[in-house]
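The values are calculated or read from the model by the stated rules, or taken from the named source; none is laboratory data. Because the structure is predicted, anything quoted here is derived from the model rather than measured. Every residue, glycine among them, receives a Cβ derived from its backbone with ideal geometry; neighbour counts consider all protein chains shown. Just the protein is used for accessible areas: all its heavy atoms, side chains included, with ligands, DNA and RNA removed. Shrake-Rupley method; radii C 1.70, N 1.55, O 1.52, S 1.80 Å.
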Number of protein chains: 2
Amino acid sequence: MRYSKIPNETVRRLPVYLRGLALMSRQGLSSVSSSKLADFVSVNPWQIRKDFSYFGDFGTRGVGYNIENLARQIKKILKLDTTRKTALVGVGNLGSAIMAYTGFGTYGFQITAAFDNDPAKIGRKMNDVAIESISMLDTLGKRQVDMAIIAVPEQAAQDVANALVRAGIKGILNFSPRRIVVPKKIKVITIDIATDLARLPYYIP
Amino acid sequence: MRYSKIPNETVRRLPVYLRGLALMSRQGLSSVSSSKLADFVSVNPWQIRKDFSYFGDFGTRGVGYNIENLARQIKKILKLDTTRKTALVGVGNLGSAIMAYTGFGTYGFQITAAFDNDPAKIGRKMNDVAIESISMLDTLGKRQVDMAIIAVPEQAAQDVANALVRAGIKGILNFSPRRIVVPKKIKVITIDIATDLARLPYYIP
């Protein structure tokens, strides 16, 4: 089932709810009210209820949400209910940090391929993944990898994006501050850590 | 002037608009319609108009927004109209990537202090900032630094947060997947790159 009318903003919040639910589950909780979940993930309670209303009603009045069930539903909506193979391009400081990051498991992601153009890095293993030459990007299509993370310097980002598109990659998480241009059918999410930092001063007295 | 009734979601989008405006300005544009800006930053046009409606009307009918003026207004609202000194704690792979990140300038941020507990790193310079021992965190209060970025391993995050609170830090950008607990008056924004990656599959056919 495809929920084509979910606003992008709701899609953006669903993983945040999922992460909160995973943390609560690890704390031994089995159910949660929308107001408690709201507080936990710092979203308004009415926003959570509105977001969930796109999919029917997940909760039981007076009892709240069953954490395990809600997490499963959200994973299904986000198509996170299977393991997702992801490629990483660029194994510099940022790429290495991404490789070492333990938080992907919550969402079923697995980085199964890593690429760099530095001969000193090619062939080395990181987290059991051998770093390949960037010239091997075009083999990704045959390896059931349909998502990629770009963590290369700004000036290389567009070339890498072009190569990923040629290889049949359908979704890109772009950490380069450069805006990359790809065909409309390819989904790009750009992460700029400065935009997150930029929210802080507003809240500081 | 303090706009105390701006929803968190609007505050989250304002830096995204600002970033889009900065990119457009660099492309030589001087004005933009809400629909063009919306398309550029991948937000609904009605959402942008609603977000701006909290501050009065920025645009001129038929002409759109003056980019420079709009950027200045948003900076003022977000209290980004002065240079903001920020500390970085943890200069591992992620911290080094943050230090090297060129995107902070758009928002007036300056990383003026960096800390690590690795004796091999302490005293070394990165981007003209000498790395200090983590035991020096309590000097931050006297150095006009009121924001900090936590980029330490998960198990050290809470101790670092405690030290930052003692030093008088008022806002924290937390990259550790661990939920850190601080007094209510301290604002914490947690970045989990996996939650951004988790949105991608939804858009992939």
Q: Starting from a label point 7 Å past Cα on the Cβ side, list the distances from A:Val181 to the same position in the other copies, nm, shortest first.
A: 5.2
Q. How high is the relative contact order of the stretch B:84-194, given as a whole-number percent (alpha carbon pairs under 8 Å, six or more residues apart)?
A. 24
Q) Shape call for the stretch A:84-194 from the C-alpha gyration tensor, a ≥ b ≥ c root eigenvalues: rounded (a/c under 1.5), prolate (a/b greater than b/c) or oblate? A) rounded
Q: Leaving out ligands, DNA and RNA, calculate the buried accessible area for the pair A and B with a 1.4 Å probe, summed over both sides, in Å² to the nearest 100.
A: 6200
Q. How do B:Lys36, B:Lys170, B:Lys121 stack up against each other in accessible area, from largest to smallest, with a 1.4 angstrom probe?
A. B:Lys36, B:Lys170, B:Lys121
Q.
Under 8 Å for C-alpha pairs, at least 6 residues apart: give me the relative contact order for the stretch A:8-77, rounded to a whole percent.
A. 41
Q: Between copies, how far apart are the A:Arg72 label points? List them in nm, one decimal, shortest first, with each point 7 Å from Cα toward Cβ, please?
A: 5.7
Q) Ranked from the most accessible area to the least, with a 1.4 Å probe and all protein chains present, what is the order of A:Met126, A:Met147, A:Met136? A) A:Met136, A:Met126, A:Met147
Q | Gyration tensor (alpha-carbon) shape descriptor, the protein assembly as shown, a/c threshold 1.5 | A | rounded
Q. Out of A:Ser53, A:Ser34, A:Ser133, any idea which swings most in a Gaussian network model of chain A, alpha carbons joined below 10 Å?
A. A:Ser53
(Q) Could you sort B:Thr102, B:Thr82 by their accessible area in this structure, using a 1.4 Å probe and putting the largest first? (A) B:Thr102, B:Thr82
Q) For A:Ile180, what accessible area in Å² do you get when you roll a 1.4 Å probe over the heavy atoms of the protein chains, rounding to the nearest 10? A) 20
**Q.** Closest Cβ on chain B to the rotation axis that carries it onto A (distance rounded to whole Å)
**A.** B:Asn93, 2
Q. Rounded to the nearest 500 deg cm²/dmol, what is the calculated helix-only ellipticity per residue at 222 nm for the protein assembly as shown, with -39500 (n - 2.57) per DSSP H run of length n ≥ 4?
A. -10500 deg cm²/dmol
(Q) Leaving out ligands and nucleic acids, and using a 1.4 Å probe, what accessible area per residue does chain B come to in Å²? (A) 48
(Q) Need one value: the accessible area of B:Glu132 in square angstrom, 1.4 angstrom probe, rounded to the nearest 10. (A) 40
Q | Pair-distance profile P(r), taking every C-alpha pair of chain A, with 10 angstrom steps and integer % | A | 8, 30, 31, 22, 9, 1, 0
Q) Label 7 Å along Cα→Cβ of B:Ser30; the stretch B:65-85 residues with amide nitrogen under 13 Å? A) B:66-69
**Q.** Whole-percent carbon and sulfur share, accessible surface of the stretch A:1-102, 1.4 Å
**A.** 47
Q.
I want to verify the translational diffusion coefficient of the stretch A:158-205 in µm²/s; compute it with Stokes-Einstein, Rh as the Kirkwood radius over Cα pairs, at 10 °C and 1.306 mPa s.
A. 129
**Q.** For B:Asn44, label point 7 Å along C-beta direction: distances to other copies, nm
**A.** 1.4
Q) For the stretch B:8-77, what does the equivalent ellipsoid look like in terms of its semi-axes, each the square root of 5 times an eigenvalue of the Cα gyration tensor, given largest first in whole Å? A) 16, 13, 12
